[in-house]
1. So if R0 is 22 Å, what FRET efficiency would residue 55 and residue 24 give, r being the distance between their Cβ atoms, rounded to the nearest 0.05?
2. Any chance you could run the full-extension gain for residue 38 through residue 4? It's 0.36 nm times the residue separation minus the Cα-Cα distance, nm to one decimal.
């Protein structure tokens, strides 16, 4: 929770499957609401669940885009 409260840290987060925390939506019920946490917990696709939790916490898309920008040059280099 401290990490989510640190604006600078959130602006620098990179998406990872279990980073910066494992996808356990019910652990964040106080922050995103119990109904939303249970809805996310019910998602069977764990990658989708992880991303949806991070979106609900306000760090999903931005952290995924930062990670993609870091990986894309490496992926493109490997394709050459």
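No lab work stands behind these numbers, since they all come straight from the coordinates. Keep in mind the model is a prediction, meaning the values are calculated, not measured. Virtual Cβ from ideal backbone geometry, glycine too; neighbours counted across all protein chains shown.
1. 0.90
2. 10.2 nm
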